[in-house]
Amino acid sequence: MRRLKLLLADDHSLMFEAIALAVEGEEDLEIVGCAETGSQVLPLVERTKPDLVVLDLRMPGMDGLTCIKYLRERYPEVRTAVLSGMDGDETIEAALRAGANAFISKAIGPTDLPAALRRAAEDPVPQAMGRTKKRLESAVEEVGLTDRELTVLGALAEGQSNKEIARTLWLAEQTVKFHLTNIYRKLEVSNRTEAARYAFEQGLVEHGPS
């Protein structure tokens with residue numbers, strides 16, 4: 001039986017442990033390497049020859065979208081899947097537009113992750129998996145946030161600066177400020193900390209503000 005070789009890239013070591021637990025016992029899945037920064041990804045791909053690179057969007061050294069572009073150029077045979085907690089439509093579109101073969105939300109259940117990884121490695125059609133549509137629809141219903149605003153809010157709650165959000169979403173920094181102004185108004189908050197706290201309390205992000 002051919003084994004699917006996985007290279008993981010995330011700046012949180014807990015994610016490595018969580019993924020390892022999820023694929024434990026799956027005889028056809030093998031983790032061959034872990035990168036904690038984006039700049040470690042390409043050298044590890046050269047060394048470990050993975051079938052699928054599973055990476056977060058936000059990493060030090062090189063962000064996920066940039067990693068995907070380089071991987072497409074230098075290792076077109078290697079497939080890529082984004083594994084991120086920011087699962088708004090705009091984020092998913094940006095990842096797939098950059099060349100990712102799949103987008104997997106970190107909200108996916110651990111029992112569903114192995115199948116999602118196999119699909120990311122084998123399915124010829126790029127797709128998004130594991131999204132929690134209920135939480136997104138609820139937020140839109142209650143406060144009228146757009147998909148773009150939900151994505152910006154999730155990035156803010158992760159601690160990203162306006163500049164980082166702009167780079168991740170391919171936006172002008174002034175556009176990010178415009179979205180934040182609308183978010184504050186709709187949530188009836190006055191600053192980033194209050195907005196992040198709201199996002200955490202409403203289940204729109206996985207971690208509270210620091």
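Of everything in the range 98-120, what is closer than 17 Å to residue 20 by Cβ, in contact (Cβ under 8 Å) with a residue 24 or more places away in the chain and open to solvent by 10 Å² or more (accessible area, probe 1.4 Å)? Give them in sequence order.
106, 110, 111, 113, 118
Would you tally the residues in the range 58-82 being under 22 Å from residue 166 (Cβ atoms) and either in contact with a Gly (Cβ under 8 Å, 6 or more places away or on another chain) or open to solvent by 10 Å² or more (accessible area, probe 1.4 Å) (or both)?
Residues in the range 58-82 being under 22 Å from residue 166 (Cβ atoms) and either in contact with a Gly (Cβ under 8 Å, 6 or more places away or on another chain) or open to solvent by 10 Å² or more (accessible area, probe 1.4 Å) (or both): 13 in total.
So that you can scan it fast, the table gives a plain yes or no per residue for (1) under 26 Å from residue 60 (Cα atoms); (2) modelled with pLDDT of 85 or more:
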| site | (1), (2) |
| --- | --- |
| 101 | yes, yes |
| 106 | yes, yes |
| 113 | yes, yes |
| 140 | no, no |
| 147 | yes, no |
| 161 | yes, yes |
| 174 | yes, yes |
| 195 | yes, yes |
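Got at least one residue in the range 33-53 being among the basic types (Lys, Arg) and closer than 21 Å to residue 167 by Cβ?
Within the range 33-53 (the criterion being among the basic types (Lys, Arg) and closer than 21 Å to residue 167 by Cβ), the answer is no, since none of the residues qualifies.
Here are the criteria: (1) open to solvent by less than 30 Å² (accessible area, probe 1.4 Å); (2) within 18 Å of residue 94 (Cβ to Cβ). Tell me which single one residue 175 does not satisfy.
Failing condition for residue 175: (1).
Yes or no, residue by residue, for (1) open to solvent by 60 Å² or more (accessible area, probe 1.4 Å); (2) assigned to a strand (DSSP E or B):
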position	(1), (2)
22	no, no
27	yes, no
31	no, yes
39	yes, no
43	yes, no
54	no, yes
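Given (1) under 18 Å from residue 97 (Cβ atoms); (2) open to solvent by 60 Å² or more (accessible area, probe 1.4 Å), identify the lone condition not met by residue 185.
Residue 185 satisfies all of (1) under 18 Å from residue 97 (Cβ atoms); (2) open to solvent by 60 Å² or more (accessible area, probe 1.4 Å) except (1).
Given the structure, is residue 91 at pLDDT 95 or above, among the β-branched types (Val, Ile, Thr) and either open to solvent by 30 Å² or more (accessible area, probe 1.4 Å) or in contact with a Gly (Cβ under 9 Å, 6 or more places away or on another chain) (or both)?
Considered against the rule, which asks whether it is at pLDDT 95 or above, among the β-branched types (Val, Ile, Thr) and either open to solvent by 30 Å² or more (accessible area, probe 1.4 Å) or in contact with a Gly (Cβ under 9 Å, 6 or more places away or on another chain) (or both), residue 91 comes out as no.
Go through the range 71-98 and report how many residues are within 14 Å of the chain's Cα centre (by Cα) and in a loop (DSSP other than H, G, I, E, B).
Within the range 71-98, residues that are within 14 Å of the chain's Cα centre (by Cα) and in a loop (DSSP other than H, G, I, E, B) number 4.
Name the single residue that is nearest to residue 116 (Cα to Cα) among those in the range 1-20 being among the charged types (D, E, K, R) and open to solvent by less than 90 Å² (accessible area, probe 1.4 Å).
Keep residues of the range 1-20 that are among the charged types (D, E, K, R), which gives 2-3, 5, 10-11, 17.
After this cut, where a residue has to be open to solvent by less than 90 Å² (accessible area, probe 1.4 Å) as well, the list is 5, 10-11.
On the way: 5: 14, 10: 18, 11: 21 Å.
This residue is 5.
As an exercise: evaluate residue 10 against (1) modelled with pLDDT under 95; (2) touching a Lys or Arg at 6+ places or on another chain (Cβ under 7 Å) and give the number of the one condition it does not meet.
Single failed check for residue 10: (2).
Out of the range 92-107, which residues are of a type in the set (Val, Ile, Thr) and touching a Leu at 6+ places or on another chain (Cβ under 7 Å)? Please lay out each step first, then the result.
Just the residues of the range 92-107 that are of a type in the set (Val, Ile, Thr), to begin with: 92, 104.
Within the range 92-107, 104 is the sole residue that qualifies.
The values are calculated or read from the model by the stated rules, or taken from the named source; none is laboratory data. Quantities reported herein were computed from a predicted structural model and do not represent experimental measurements. So basically every Cβ, Gly included, is an ideal-geometry build from the backbone, and we count neighbours across all protein chains shown. These accessible areas exclude ligands, DNA and RNA; they are computed on the full protein's heavy atoms, side chains included. Shrake-Rupley method; radii C 1.70, N 1.55, O 1.52, S 1.80 Å.
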